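Only one structure is covered here, and it is reproduced in the block below.
Values quoted throughout were computed directly from the atomic coordinates according to the rules given, and no laboratory measurement underlies them. Fair warning: this is a prediction, and the values are worked out from it, not measured in the lab. Reconstructed Cβ throughout: ideal geometry from the backbone, glycine too, with neighbour counts over all protein chains shown.
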């Protein structure tokens, strides 16, 4: 996903107080998290944005907050 696509998908929405984005990462202040990750992406000087740590965290956040993107395992 591009930064513009992530902004459109993630900004101006309501989220739970805590969002688990991976087994070892929990976002406890969503507005601040989004602000910092988008800022990190804007400051990324390398060409491939998909290698930016902020971009990777935003994609994880997107996947965690959009049920249609979550991977389910067969029981």
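A search for C-beta distances below 8 Å between a residue of the range 39-52 that is in contact (Cβ under 8 Å) with a residue 24 or more places away in the chain and any residue that is in a loop (DSSP other than H, G, I, E, B), counting only pairs 6+ apart in sequence or on different chains, returns 41/52; 49/2.
For a quick check of your reading: which helices (runs of 4 or more DSSP H) sit entirely within the chain and have at least 2 residues that are out of contact with any helix residue (DSSP H, G or I) (no Cβ under 8 Å at 6 or more places or on another chain) and surrounded by fewer than 17 Cβ atoms within 10 Å (Cβ to Cβ)? I'd like the intermediate steps shown before the answer.
On the way: elements: 3-10, 30-43, 53-65.
Ranges flagged: 3-10, 30-43.
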